[in-house]
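The values are calculated or read from the model by the stated rules, or taken from the named source; none is laboratory data. This one's a predicted model, so the numbers in the text were calculated from it and none came from an experiment. We place every Cβ from the backbone using ideal geometry, glycine too, and count neighbours over all the protein chains shown. When the accessible area is computed, the model is the full protein with side chains, heavy atoms only, and any ligands, DNA or RNA have been set aside. Shrake-Rupley method; radii C 1.70, N 1.55, O 1.52, S 1.80 Å.
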Amino acid sequence: MTVIKGIDVSKHNGKINWSKVKDSGIKFVIIRAGYGSNTIDERFEEYIRGAIKEKIDVGIYWFSYATNEEKAKLEAKKCMEVIKPYKEHIIYPVFYDFEYDSVDYAKKNGVNISKTLLKSMATSFCEHLEKNGFYAGIYTNEDYIKNKYPSEIFDRFDLWYARYNTEPNRDVNLWQKSSTGKISGINGNVDLDVAYIDFPSLMKEKHLNGW
């Protein structure tokens, strides 16, 4: 079985020494490009340039605050705008990330996030990325798979699965295994990930993400 070690990061991880990260055996990083309809992660450019310089494979995630399908599409458009200059270097998927904060935001704005609505928003985001030549997927956890997402959506889009344990307990291509990892070059905790397929080779085969 292919087992490739990676991490995921956002501005909360602070200054990163990418050379040390690479020397720690990390092969890929999934970087938050931004969130909502118009906010770029303030360390995105710094992170992606650092990873590219050290030849660490790059994926992307975008944190969603969408409350309807059209707003999810606007988020996808902004994500596209932010990552497009780096397209040839993004050889892991681009993930839609809708979490508890997203649901709380929707509630404050009078919107109940049903399975039907979340499916339409995630599909809108991912399909827009696909139409522009990217490999799109969904980041979520066990609770959301059971209670928020209809199961059939994961037949359509790849799953980046968060479960902090010794094993993922389901057949997945990408697993976020811990939020308390320690990696040389990063101060404090960092999310640890494992890829079970060779995403860069898949991108090349399908001529996606600039390949």
Practice task
Could you name the lysines whose alpha carbon sits less than 26 Å from that of LYS148, not counting residues in the same chain fewer than 8 places away?
Solution key: LYS71, LYS73, LYS77, LYS78, LYS107, LYS108, LYS115, LYS119, LYS131, LYS177
Handout entry: Electrostatic dipole magnitude of the chain [Cβ: Lys, Arg +1; Asp, Glu -1; Cα centre; debye, to 20]
Key = 300 debye
Completion exercise
Relative to the chain, whose Cα atoms define the longest principal axis, helix 115-131 and its Cα axis are tilted in degrees, nearest 10, by 50 degrees
Exercise for the section: State, as an integer percentage, the relative contact order of region 33-89 based on alpha-carbon contacts under 8 Å between residues 6 or more apart. Expected result: 45 percent
Fill in the blank from the handout: Residue by residue through region 70-80, the couplings from Karplus 6.51 cos²θ - 1.76 cosθ + 1.60 with θ = phi - 60°, in Hz, x for Gly and Pro, are 5, 5, 5, 5, 4, 5, 4, 5, 5, 4, 4
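Which value, in debye to the nearest 20, gives the size of the charge dipole of region 100-202 about its Cα centre, when Lys and Arg are +1 and Asp and Glu are -1 at the Cβ? Display every interim value, and only then the final one.
Values: 12 positive and 14 negative charges, 74 e Å.
With Lys and Arg at +1 and Asp and Glu at -1, about 360 debye.
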Practice task
In whole Hz, with x marking every Gly and Pro, tabulate ³J(HN,Hα) for region 135-149 from phi via Karplus 6.51 cos²θ - 1.76 cosθ + 1.60, θ = phi - 60°.
Solution key: 8, 10, x, 10, 9, 6, 10, 4, 4, 5, 5, 6, 10, 10, 9
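Taking the solvent-accessible surface of protein heavy atoms with a 1.4 Å probe, what is the per residue accessible area of region 37-192 in Å²?
Details: 7430 Å² over 156 residues.
Normalised by residue count, the accessible surface of region 37-192 is 48 Å².
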Problem - Partners for LYS55 among aspartates and glutamates (Cα-Cα distance below 13 Å; same-chain residues under 8 apart left out) - result: ASP23, GLU88
Practice task
Between the alpha-carbon centers of region 139-211 and region 48-86, tell me the distance in whole angstrom.
Solution key: 16 Å
Fill in the blank from the handout: In the chain, taking the dipole from +1 charges on Lys and Arg beta carbons and -1 charges on Asp and Glu beta carbons about the Cα centre, the listed residue (ILE7, ILE153, ILE197) farthest towards the positive end is ILE7
Problem - Antiparallel DSSP beta bridges within region 144-205, as percent of all bridges there, nearest 5 - result: 60 percent
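Which whole-number percent gives the relative contact order of the chain, counting Cα pairs below 8 Å spaced six or more residues apart? Write out the running numbers ahead of the final one.
Values: 429 pairs, mean separation 51.6, N = 211.
After rounding, I find 24 percent.
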Handout entry: the chain: angle of helix 44-53 to the longest principal axis, Cα-based, in degrees nearest 10
Key = 40 degrees
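Sort ARG32, ARG170 by heavy-atom solvent-accessible area, probe 1.4 angstrom, most to least.
On the way: ARG32 25, ARG170 100 Å².
Result, largest first: ARG170, ARG32.
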Exercise for the section: Just the number, please: carbon plus sulfur as a percent of the accessible area of region 139-205, 1.4 Å probe, no ligands or DNA/RNA counted. Expected result: 40 percent
Exercise for the section: Express as a percent, rounded to the nearest 5, the fraction of DSSP beta bridges in region 1-150 (both residues included) that run antiparallel. Expected result: 10 percent
Completion exercise
Expressed as a whole-number percentage, the relative contact order of region 51-137 with C-alpha contacts under 8 angstrom and at least six residues apart is 40 percent
Completion exercise
Magnitude of the Cβ-charge dipole (Lys and Arg +1, Asp and Glu -1) of region 148-207 about the Cα centre, nearest 20 debye, reported as 180 debye
Handout entry: Gyration tensor (alpha-carbon) shape descriptor, region 51-155, a/c threshold 1.5
Key = prolate
